[in-house]
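Asker: Supplied in structure tokens, the structure appears directly below.
Derivation of every value follows stated rules applied to the coordinates shown; laboratory data play no part. Remember, predicted model here, so these are calculated numbers, not experimental data. Here Cβ is always computed from backbone atoms with ideal geometry, including for glycine, and neighbour counts include all displayed protein chains.
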Amino acid sequence: MSSTIKHRRVRVLLPLAAGDMYDYRAPDSLDVEIGHFVTVPLGKREVTGVVWEEAADSDLAEDRMKDVLSLLPCAKLPSDSIKFIDWVAQYTMQRRGRVLRMAMSVPDALYPKTPRVGYRYTGALPEKMTAARKRVLDLIEEGGVQTAADLAAIAGVSTSVVKGLADKGALEAVDLPAEKPIDRPDWQYARFDLSDDQQVAAKSLASDVARQSFSVSLLDGVTGSGKTEVYFEAIAACLKEGRQALVLLPEIALTAQWLSRFEARFGVRPVEWHSDLGQAERRRNWRAVIEGRADIVVGARSALFLPFDNLGLIVVDEEHETSFKQDEGVPYNARDMAVVRGKIGDFPVVLASATPSLESLMNAKAGKYKHLKLPSRYGGALLPNVDIIDLRQHRPGSQRWISDPLRLAIEATLAEGQQVMLFLNRRGYAPLTLCDSCGHRLQCPNCSAWLVEHRLANRLQCHHCGYTAVSPKSCVECGAEDSFKACGPGIERLSEEAEMLFPGRRIAMMASDTVASPRAAAEFVAAMERGEIDILIGTQIVAKGYHFPNLTLVGIIDADLGLAGGDLRAAERTYQLLSQVTGRAGRESSPGKVFLQSYLPEHPVIEAIVRQQSDDFFALEAAGRESAGMPPFGRLAALVLSSPKAESVARFARDLARCAPMGRKITVLGPAPAPLSMIRGRHRYRFLVKCEKDVNIQSVVAKWLKGRKVPADIRLQIDIDPYNF
Ligand code: ADP
Ligand code: ZN
């Protein structure tokens, strides 16, 4: 018997939805280290993964072991990233491979970039001219350089024709420039003189950054107080330390103004990370992060999973925003996970907001977070004056939404040459369309939701699954002709009313569907800044972050919208949204005015907005949550079961209910049809697990599900700390 040489074994994590870790032999020919990106065999396939840990304890028989095939020419996944992915997977109760997938979202970034070659016309003609060759030469740009693939595509020939022309001397090959270099920001490029309040906050943050140990600061400043300039100083301190900084922003379409402010401060644009980037730019930026060449990254929530090796600061701007919460795939809250990332990397985290979340406020009150306050607007601008228009007394006419007092205020503002913003958080023309003669409502076939009329696009649309249809000519129920009527206002309908009331005024609409890209948003902002828009009508996307000096009047068309509904955070969210909208008015020398139309003027949220007294509102909200044992006073997890088969999912939900966890500190609510009981053709049931704060909710859920087989047609999604339920 030959001596058994036990080779070194490593555990490789594969970024697959169902994937986890598999053991492989590390051949002597490869210098395999933890964090290396490697290729390994998986069945008949060859897949890319990451060497996660040593596997000396692996008990797989030697003859069944397979070798790591190759090391990819890419920097290693940093050890903090490995720890972070492990942590997130455990906390969210998701497979590690799914979390790794979020960190490896640019697969081709792992491979060396082949130098790109382009072709230029030399002026010579090939001896033998064919029709295909002639087409290429006719179409090549004068003096331009184009790739073989591009040339072949425009001429409708194969790339071999292009190569042939090069062989014959009619084209010459030229190296195309490498990818755009990454700019290095200069921390001293242009410093602002900070106000006294700003200085105090900035000093605190900068010294935390210099210390490079974990801490969380809540930068809590009213709208227009200059929070951005304050955290820019923290970023400057981080650059000075030679470490990377990450800024998370909620909606990337809103960053046009932010980017120019950044450039004014640091001299260059930061490295960006969001869904609107092209493939080449994603690749370039991902590599720049892992190689430590990206000093400052600004991005959407997914940027948190970039493989930073030298991260020294995370700023989460508008930390209260619910868009930091991802509901699909791996459900996580980027704000909470940013704090975890700071703990793992031992560096400070800054949470900034004019309307902090109840969670962060409680942490600040408990002394876990430093509470940095900016109580007044920068440059002496006053907070706007907020007035309620009681719609019970000033009801607009039928099919009208702008009351007389609001109309008069708009006229007066426009007469002064100032700008107006009307806020209505509803896209499209009307939220509901129904038949005049039988009352039939147009509903999405895939979801339990109404179809929303989008008159500009001339179609009906489901806001949950994206289903679209043309408006039917006659009612499918009763056959009546042209009987469908719009019910209620969306911004398109509001804009119609505004055009009628204010003829000749320049009215523009801004919603996620009318302003879909960052570039479109930037054009909008520029038009607003140049004064080319008199009345801006928008949904929540206009509410946040923008600074328009000449905007002095904000009209909130339906302040009550969002207060109804059983959502735990309905009141908090409405409060935050309305404060943000309110904060757009009068941000410079001209004082701002806000009119808020409401049928519920005594509602605590509406009263708090009018008084601009967030403390009272949050005290009330906290008391309510505490007595209900809801977050942040208790812990919550949602289990959503869904299936195309209604019966099957209902049955499985009943089965699960029978063995639901019980205990003095545990409550299980449900099963109940989820608030949207059908989405994309899947029927949904939901359980809510509520625990006291000291209970490990993950192990409660794990114990419940242990050994239980989920039928093949059913999807079970676990959402720890759910938001939208
Ligand atoms: P916030 O984010 O707190 O709502 P911003 O950071 O947008 O407030 O600041 C409001 C306005 O004041 C912006 O136009 C900003 O450029 C300006 N500003 C804030 N701080 C300063 C400063 N120290 N020097 C000059 N301008 C400032
Ligand atoms: Zn739908």
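Asker: From the phi of every residue in region 512-529, what ³J(HN,Hα) in whole Hz does the Karplus formula 6.51 cos²θ - 1.76 cosθ + 1.60 yield, where θ is phi - 60° and glycine or proline is x?
Answerer: Each residue's phi maps through the Karplus curve to give 4, 8, 8, 10, 8, 10, x, 5, 4, 5, 4, 5, 4, 4, 5, 4, 5, 5 Hz.
Asker: About its Cα centre, how strong a charge dipole does the chain have in debye, to the nearest 20, once Lys and Arg get +1 and Asp and Glu get -1 at the Cβ?
Answerer: I would put it at about 1940 debye.
Asker: Report the FRET efficiency, 1/(1 + (r/R0)^6), for Asp513 and Asn446, where r is their Cβ-Cβ distance and R0 is 22 Å, rounded to 0.05.
Answerer: 0.70
Asker: Only bridges with both residues in the chain count here: give the DSSP antiparallel percent, nearest 5.
Answerer: DSSP beta bridges in the chain are roughly 55 percent antiparallel.
Asker: Continuing with the same structure: Using the count of nearby Cβ atoms within 10 Å as a rough guide to exposure, how do Asp276, Asp615 rank from fewest to most?
Answerer: Ranking Asp276, Asp615 by Cβ neighbours within 10 Å, fewest first, gives Asp615, Asp276.
Asker: Indicate the gyration tensor shape class of the chain (rounded, prolate or oblate), computed on the Cα atoms with a ≥ b ≥ c the square roots of the eigenvalues: a/c under 1.5 is rounded; otherwise a/b larger than b/c is prolate and the rest oblate.
Answerer: Rounded, because the longest to shortest axis ratio a/c is under 1.5.
Asker: Still on this structure, I have one more. What list of ³J(HN,Hα) values in whole Hz, one per residue of region 627-644 in order, does the Karplus curve 6.51 cos²θ - 1.76 cosθ + 1.60 (θ = phi - 60°) give from phi, with Gly and Pro shown as x?
Answerer: Each residue of region 627-644 in turn: 5, 8, x, 8, x, x, 8, x, 10, 9, 9, 10, 10, 10, 9, 9, 6, x Hz.
Asker: Please list 3J(HN,Hα) in residue order for region 17-22, calculated via the Karplus relation 6.51 cos²θ - 1.76 cosθ + 1.60 where θ = phi - 60°; whole Hz, with x for glycine and proline.
Answerer: The phi angles translate into 4, 9, x, 9, 9, 10 Hz.
Asker: Here's something else I'd like to know. Could you tell me the calculated FRET efficiency between Gln90 and Asp436, based on Cβ-Cβ distance and R0 = 51 angstrom, to the nearest 0.05?
Answerer: After rounding to 0.05, the efficiency reads 0.35.
Asker: How long is the gain from Ser105 to Glu477 if the chain were fully straight, where each residue apart is worth 0.36 nm and the alpha carbon distance is subtracted?
Answerer: Length difference between fully extended and current span is 129.2 nm.
Asker: Rounded to the nearest 500 deg cm²/dmol, what is the calculated helix-only ellipticity per residue at 222 nm for the chain, with -39500 (n - 2.57) per DSSP H run of length n ≥ 4?
Answerer: Rounded to the nearest 500, it is -9000 deg cm²/dmol.
Asker: While we're here: Within the set of other residues whose C-beta is less than 12 Å from the C-beta of Ala210, count the net charge using Lys and Arg as +1 and Asp and Glu as -1.
Answerer: Net of charged neighbours comes to +1.
Asker: When only alpha-carbon atoms count, how far does region 116-176 stretch along each of its three principal axes, as whole angstroms with the largest first?
Answerer: The Cα atoms of region 116-176 stretch 28, 22, 19 Å along the principal axes, largest first.
Asker: For Leu110, Leu408, what ranking results if the residue with the fewest other Cβ atoms within 10 Å of its Cβ goes first?
Answerer: Leu408, Leu110
Asker: Using +1 at the C-beta of Lys and Arg and -1 at the C-beta of Asp and Glu, which of Ser699, Leu249, Ser58 has the Cα lying farthest in the positive direction of the dipole of the chain?
Answerer: Toward the positive end, the furthest listed residue is Ser58.
Asker: Along the charge dipole of the chain, which of Gly629, Met678, Leu432 sits closest to the positive end, that is, farthest toward it, with unit charges on the beta carbon of Lys, Arg, Asp and Glu (+1, +1, -1, -1)?
Answerer: Sorting the options by dipole projection puts first Met678.
Asker: Going by how many other Cβ atoms sit within 10 Å of their own, how do Val230, Val289, Val349 line up, fewest first?
Answerer: The order, fewest Cβ neighbours first, is Val349, Val289, Val230.
Asker: If the cut-off is a Cα-Cα distance under 22 Å, which lysines reach Lys473, setting aside same-chain residues fewer than 8 apart in sequence?
Answerer: Here the lysines satisfying the reach criterion relative to Lys473 are Lys485.
Asker: What residue among Ser376, Leu100, Pro185 has its Cα farthest toward the positive end of the dipole of the chain, where the charges are +1 on Lys, Arg and -1 on Asp, Glu, each on the Cβ?
Answerer: My answer, from the dipole projection, is Leu100.
Asker: Further question: Which whole-number percent is the relative contact order of region 344-444 (Cα, under 8 Å, 6+ apart)?
Answerer: Reported relative contact order: 8 percent.
Asker: Taking a threshold of 27 Å on the Cα-Cα distance, which of the pairs Lys343/Lys544; Lys544/Lys593; Lys76/Lys163; Lys665/Lys706; Lys76/Lys227; Lys227/Lys368 fall above it?
Answerer: Lys343/Lys544; Lys76/Lys163; Lys76/Lys227
Asker: Next question. What distance in nm separates the simple spin-label points at Arg8 and Leu69, each placed 7 Å from Cα in the Cβ direction?
Answerer: Taking the simple label geometry, Arg8 and Leu69 are separated by 2.2 nm.
Asker: Could you tell me the relative contact order of region 634-720? Use alpha-carbon pairs under 8 Å, at least six residues apart, and round to a whole percent.
Answerer: 47
Asker: For region 592-677, which GluC sites (Glu not before Pro) pass both filters: DSSP loop (anything but H, G, I, E, B) and at most 13 other C-beta atoms within 10 Å?
Answerer: When the GluC sites (Glu not before Pro) of region 592-677 are filtered for loop state and at most 13 Cβ neighbours within 10 Å, Glu602 remain.
Asker: Just in region 478-547: which trypsin sites (Lys or Arg not before Pro) are loop by DSSP and have at most 16 other Cβ atoms within 10 Å?
Answerer: The qualifying sites are Arg505, Arg506, Arg530.
Asker: Oh, and also: Given points 7 Å out from each Cα along the Cα-Cβ axis, report the Glu53 to Asp615 separation in nanometres with one decimal.
Answerer: 4.9
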